[in-house]
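Contents: one structure, followed by commentary.
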Amino acid sequence: MTKKGLTISVIMRAESANYGEGFGNITILKKMSRGDHNQYTYISRQALRYSLVNQIQWDNTPVEDQGVVQFAAAATIEKYPEIDLFGYMKTKGKSKDGDNGAATTRPAVARLSNAIALEPFNGDMDYLNNMGLARRANLGNVIAQSEIHASYYAYTLSIDLDRVGIDGAIAVPNAEKAKRICTLLDGVQFLYRDIKGRRENLAPLFVLGGIYERKNPYFEHRVQVKNNAVVIDTLREVIDSCDDTKTNTGCGVVSEIFTNSDAIKSVLNAKTIAAFFNDLKQQVSDYYG
């Protein structure tokens, strides 16, 4: 089987979708700073993976406590797609004879980046209290504040197709490999996240990528939105950079979300989001024969 990589970069819209450690009565969004002196919120790759694995019902891999909670030693990729695609590290506890134990690892086959906001955070806060409940019994209010931010976010998914379903002596049938990748792509296409009583729709508004000879996440950190328009020139330059991307790149967009959606369709040959994922899943099936 030839060595190939699947990579897609996604733009989605979300509101306050990942919080970090707060202080006092203030809940703080996860964010990072850039050289432009702005802060950008982000949804961690761990949070994306958690929501994704939960929604495609792969969160049934058994775990155990070996000093740290980890995947069970008896769990194999043959039965559990989660550790096939996202990897594992299994350690053994220290034995009575002084053996520190060994660790077996499987590097991730499918890798997610953080979903980083494409618009800066401006310090907006939501004021909260429990007046509705407190008034029922003439009790005092509890006051809290929570950072809020609505923005476009971009993230990248990369998969080593030739490593799927292979772990030592274990070799998963090709049909099952294709099924697992297509299930994961379905999860990305219809992704959502439950947080603080809300269900945030993280489904792609724009997606770009394909299956390539090089395993480079070509469009990671290249996807930008300015004035509600996807920056096409940068993406066009990446596509034109080699025959690999010229030949194998597809694009999908939701109509009338971005002000330049017509230009996206004409310049990047964008289809609907559904058509993009259907084409990509067909390519996955063809790859595994």
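Taking every C-alpha pair closer than 8 Å and separated by at least 6 residues, the mean separation divided by the residue count of region 211-262 gives a relative contact order of 36 percent.
Taking a probe of 1.4 Å, how large is the accessible area per residue of region 1-136, in Å²? Write out the running numbers ahead of the final one.
Working: 7910 Å² over 136 residues.
With all protein chains present, region 1-136 gives 58 Å² per residue.
Rg/Rh for region 1-136 (Cα atoms only, Rh after Kirkwood) is 1.09.
Taking every alpha-carbon pair in region 202-289 and binning the separations at 10 Å intervals from zero gives 16, 51, 29, 4, 0 percent. Could you tell me which of Ser158, Leu202, Tyr19 has its Cα farthest along the dipole of the chain towards the positive end, charges placed at Cβ (Lys, Arg +1; Asp, Glu -1), taken about the Cα centre? The listed residue farthest towards the positive side: Tyr19. Short-range pairs are left out: with C-alpha atoms under 8 Å and at least six residues apart, the relative contact order of the chain is 24 percent.
Projecting the Cα atoms of Met89, Ala108, Ala74 onto the charge dipole of region 36-140, computed from C-beta unit charges around the Cα centre, puts Ala74 farthest toward the positive end. Mean projected area of the Cα convex hull of region 79-213, taken over all directions, amounts to 15.9 nm².
Here is how the number arises for the chain: DSSP H runs of 4 or more residues each give -39500 (n - 2.57), the sum is divided by the residue count, and the result at 222 nm is -7000 deg cm²/dmol.
Cross-link pairs exceeding 29 Å in C-alpha to C-alpha distance, out of Lys31/Lys281; Lys3/Lys179; Lys90/Lys281; Lys79/Lys196, comprise Lys31/Lys281; Lys90/Lys281; Lys79/Lys196. The fraction of accessible area contributed by carbon and sulfur in region 241-285 is 47 percent, rounded to a whole number (1.4 Å probe; ligands and nucleic acids excluded). The structure-derived value of Kirkwood radius over Cα pairs in Å appears in the list [x] 18.6; [y] 20.3; [z] 21.2 under the label [z].
The values are calculated or read from the model by the stated rules, or taken from the named source; none is laboratory data. Note that the coordinates shown come from a computational prediction; the quantities given were computed from them, not determined experimentally. No Cβ is skipped: glycine too gets one built from the backbone with ideal geometry, and neighbour counts run over all protein chains shown. Note: areas computed on protein heavy atoms with side chains; ligands, DNA, RNA excluded. Shrake-Rupley method; radii C 1.70, N 1.55, O 1.52, S 1.80 Å.
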